[in-house]
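Below is one structure, written out as structure tokens, with a few remarks after it.
The values are calculated or read from the model by the stated rules, or taken from the named source; none is laboratory data. Keep in mind the model is a prediction, meaning the values are calculated, not measured. Neighbour counts are summed over all protein chains in view; Cβ atoms, including those assigned to glycine, are modelled from backbone coordinates with ideal geometry.
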Amino acid sequence: MSTPIIEIKNLTKSFGSNLVLEDFSTTIQKGEVVGIIGPSGSGKSTLLRCINFLEIADSGSISIAGEEVKVDGKGGHSVPALKIAQLRTKVGMVFQQFNLFPHLTAIENIIAGPKYVLKEDQKEREQKARNLLEMVGLSEKMDHFPEELSGGQQQRVAIARALAMNPEVMLFDEATSALDPEIVGEVLGVMRKLVDDGMTMLVVTHEMGFVRQVADRVIFMDEGKIVEEGPPSQLFDNPKHPRTKDFLSAILSHTE
Amino acid sequence: MLFNIDNAYSALGVLSLGLLMTIFLTIICGATSLVAGVFVALAKMSKRRWLRAITGSYVTIVRSTPLLVQLIFIYYALPFVGIRLNPLSAAYIGLSLNVTAYLSEVYRGGIEAVSKGQHDAAAALGMKSSVAMRRVIFPQALRTLIPTLGNYIVSLFKDTSLASVVTIQELMFKGQIIAAQNYDYMTIYAMVFLLYLAVGYPSIRFVTYLEKRMKNGYAVKKASKRKVGVAL
Ligand SMILES: Nc1ncnc2c1ncn2[C@@H]1O[C@H](COP(=O)(O)OP(=O)(O)OP(=O)(O)O)[C@@H](O)[C@H]1O
Ligand SMILES: [Mg+2]
């Protein structure tokens, strides 16, 4: 029996006259790792931001762990802000630009959510933060401020910060795109650990090799719609749609 | 001799009392404005339109009129509508209202300058907007604003001299009283000048120091902590 963690139904979103998501629907099952690929401007970030309610769609609905949120047609959500905040705790988000809190040390960044949102007690949250720092290989950087960490280290702290909320699903929006090529591997390594631990993940990335290795399903989107989806072997080796083929050959000619 | 040491010496006690009043006014009005400014800034950014309208008009009115006129109005005009304030209350209210308005603009600028990514990250952790403001946005804004806030407090220190028009016995007023008695304007006002300088100069140096320190980033604080740790 599969349990849907995220259900997206008929999501539409435009910025002004720019239609960014068009009648987008998909379901993410518990434990599933879904890679999302597509050209720049195809709406990948907007999709992730809608799932976390950072962006308000124009129509459609999103269910997180069975709780449905619609748009109210007046630029808001169908549930109160407090409920939105609570649903967000189930969804961990990792940003391209890390967005660590610069005034807090690495461990304080990780503790912030458990402390101010989950209201966990001090012992519990500190122990958890230490474990997470160890998991991302940064125990010795615990008391460093973000400005003292490399991009790859900051991103690993950001992943730990999201995990500290015990999320049901993790969203990665080009988590390695702002990093120097030689550092990308350390962040992908942490993400791979999460895959091994059975975390449900939605991964927007240009790292095709990574997607091919870890994803159960790959979605290729363009102009706000799913053009093609399927297991990585099928999508990468046997793309059906001409646009998928064009995109993949363009990407591969770049990386080779 | 232009500067009369004897006159200066005999005026020193009274002038020092005036300086104490000046400092007292600076502290109470400064503390009030530093706190009230935050709330006015938040009100100006509120979702509630009426709240934005009220605080917006207040700030605009204060910024469009001279402080001297504001003080005189509060002390000399308000009694005609039944609001009678003693000099200290009038000075306290007038100066605080004035500085709060300016500081609210400073706070608002600082809060708005914190990047969208910080709002997103806080929201994504499930923080309510009030929690995000308190734990994430405001601390970052405040840090960048400390030197600017410091400058406004130094300005307030100087502007308290205007409270002499509502008969507050601060440094300027004491100087005027003594000068009117002994006519030694040169000596007395030089003394007043020097006493302002004696407090004002170290204050602006301190603000400059804070500015430099801020530019050094967040890690500085910890580095000094670490050194202390080692020394212990
Ligand atoms: N806040 C916004 N306001 C206006 N337009 C926006 C906003 N955010 C995104 N867009 C527009 O929406 C479209 C999709 O953007 P989005 O960031 O979702 O694409 P993407 O697939 O993530 O692209 P990339 O690979 O470059 O990150 C783009 O045309 C972009 O300009
Ligand atoms: Mg994007």
Within the stretch A:18-31, is even one residue on the phi > 0 side of the Ramachandran plot, touching a strand residue (DSSP E or B) at 6+ places or on another chain (Cβ under 6 Å), of a type in the set (D, E, K, R) and in a strand (DSSP E or B)?
yes
For the stretch B:30-39, check the following and say yes or no: at least one residue is without any contact (Cβ under 8 Å) to a residue 24 or more places away in the chain and either over 19 Å from the mean Cα position of the chain (by Cα) or more than 27 Å from residue B:92 (Cβ to Cβ) (or both).
no
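Report the residue count in the stretch A:195-212 for those that are in contact (Cβ under 8 Å) with a residue 12 or more places away in the chain and farther than 17 Å from residue A:250 by Cα. Steps first, answer last, please.
Taking the stretch A:195-212 as the starting set, the residues that turn out to be in contact (Cβ under 8 Å) with a residue 12 or more places away in the chain are A:195, A:198-208, A:210-212.
Filter again for farther than 17 Å from residue A:250 by Cα, leaving A:195, A:198-204, A:210.
Matching residues across the stretch A:195-212 total 9.
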Restricting attention to the stretch A:37-54, report how many residues are closer than 27 Å to residue A:230 by Cβ and within 14 Å of chain B (Cβ to nearest Cβ).
7
If the requirement is being under 30 Å from residue A:17 (Cα atoms), away from chain B (no Cβ under 12 Å) and small (Gly, Ala, Ser), which of these qualifies: A:152, A:189, A:224, A:209?
A:224
Log entry, pairs with first residue in the stretch A:157-183 being within 12 Å of another protein chain (Cβ to nearest Cβ), second being within 15 Å of ligand 2 (Cβ to nearest atom) and small (Gly, Ala, Ser), beta carbons closer than 7 Å, six or more apart or on different chains, reads A:173/A:45
Applying the selection to the stretch A:32-87, what residues are charged (D, E, K, R) and surrounded by 14 or more Cβ atoms within 10 Å (Cβ to Cβ)?
A:32, A:44, A:49, A:55, A:58, A:70, A:83
Consider residue A:81 carefully, then state whether it is at pLDDT below 95, away from ligand 2 (no atom under 16 Å from the Cβ) and at the interface with chain B (Cβ under 10 Å from one of its Cβ atoms).
yes
Selection from the stretch A:199-242 of residues part of a loop (DSSP other than H, G, I, E, B), of a type outside the set (A, V, I, L, M) and more than 13 Å from ligand 1 (Cβ to nearest atom) yields A:216, A:231, A:238, A:239, A:240, A:241
Among the numbered conditions (1) more than 30 Å from residue B:16 (Cα to Cα); (2) not in a helix (DSSP H, G or I), tell me where residue B:133 comes up short.
(2)
Residue, farthest from residue A:225 (Cα to Cα), within the stretch A:55-68, restricted to residues that are within 14 Å of another protein chain (Cβ to nearest Cβ) and among the hydrophobic types (A, V, I, L, M, F, W, C)
A:65
Answer from B:131, B:99 - the residue that is of a type outside the set (Asp, Glu), away from chain A (no Cβ under 14 Å) and within 22 Å of residue B:35 (Cα to Cα)
B:99
Within the stretch A:87-100, which residues are at the interface with chain B (Cβ under 7 Å from one of its Cβ atoms) and either over 21 Å from residue A:48 (Cα atoms) or in contact (Cβ under 8 Å) with a residue 60 or more places away in the chain (or both)?
A:89, A:93, A:95, A:97
Among the residues of the stretch A:181-202, is there at least one that is of a type in the set (A, V, I, L, M), modelled with pLDDT under 95, surrounded by fewer than 22 Cβ atoms within 10 Å (Cβ to Cβ) and within 16 Å of ligand 2 (Cβ to nearest atom)?
no
For the stretch A:43-156, list the strands (runs of 3 or more DSSP E) that sit wholly inside it and hold at least 2 residues that are within 16 Å of ligand 1 (Cβ to nearest atom); which are they?
A:59-64, A:91-94
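If I ask for residues that are under 20 Å from residue A:32 (Cβ atoms) and of a type in the set (Val, Ile, Thr), which ones from the stretch A:154-184 would you list?
The answer is A:159, A:169.
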Can you tell me how many residues within the stretch B:70-87 are under 21 Å from the mean Cα position of the chain (by Cα) and farther than 12 Å from residue B:163 by Cβ?
1
